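In what follows, a structure is listed as structure tokens, so that the remarks can point back to it.
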Amino acid sequence: MNRLPGIITAIESNDHLSLVDVAVGQDTFTAMLMETPQDAPYLKVGNAVVVLFKETEVSLAKNLSGQISLRNRIKGVVTQIRNGAILSEVMLDYQGQTITSIITTRAAQRLVLEQGDAVEALVKANEVSLMEVGNADTDHIPSPVQGEG
């Protein structure tokens, strides 16, 4: 699981869903959660949280240009690639932290990924979860909403 520490900067909610913006360094990550500040007290602007997303939910792009609907675009540098027969694990340096992506080996070959390449990792908002800092109970991690991004 990829983990990045951050601070909640904005929350937009309706009856059951929240879009939560989290500052991680100079970047803003967005999580779409099936909870609101009324039922999850840790959802408060200024609170420290950990941004969580699975390695299999991280797509990679090289030389990406134009606009896309994905909210979470993470610029990084490839530090290591482990190619398997079907899947490849690609590690990126993001602000001194490691982000891991698991993509098909075919995709890694099509991108001609090499150590030192600048890439963007892409994660849909509905695949991002938040955990309050100091909460060791990882079973409490909110489930992402499947669908929009």
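For the chain, the convex hull spanned by the alpha carbon atoms encloses 121 Å³ per residue.
Per residue of the chain, the DSSP helices (runs of n ≥ 4 H) give a summed -39500 (n - 2.57) that works out to -1000 deg cm²/dmol at 222 nm. Here segment 55-123 is assigned +1 on the Cβ of each Lys and Arg and -1 on the Cβ of each Asp and Glu. Its dipole about the Cα centre then comes out at about 200 debye. Selection among 11, 86, 67 by position relative to the dipole of the chain gives 86 as farthest towards the positive end (Cβ unit charges, Cα centre). Rounded to the nearest Hz, the phi-derived 3J(HN,Hα) couplings of segment 8-22 under the Karplus curve 6.51 cos²θ - 1.76 cosθ + 1.60 (θ = phi - 60°) are 5, 10, 7, 9, 10, 10, 10, 5, 10, 10, 9, 9, 10, 9, 10, where x marks glycine and proline. With the biggest extent put first, the Cα atoms of segment 1-88 measure 46, 28, 23 Å across the principal axes. What aspartates and glutamates does residue 75 reach when the alpha-carbon gap must be under 19 Å and sequence neighbours fewer than 8 apart in one chain are set aside? Straight-distance partners of residue 75: 21, 27, 55, 57, 89, 93, 114, 117, 120, 127. Under the combined filter of DSSP loop state and at most 16 neighbouring Cβ atoms within 10 Å, segment 69-120 retains these GluC sites (Glu not before Pro): 114.
Each reported figure results from applying straightforward, stated rules to the coordinates on display, with no laboratory input. Every value quoted in this text rests on a predicted model; they were computed, and no experiment measured them. A quick note on method: Cβ atoms are made from the backbone with ideal geometry, for glycine too, and the neighbour counts reach across all protein chains shown.
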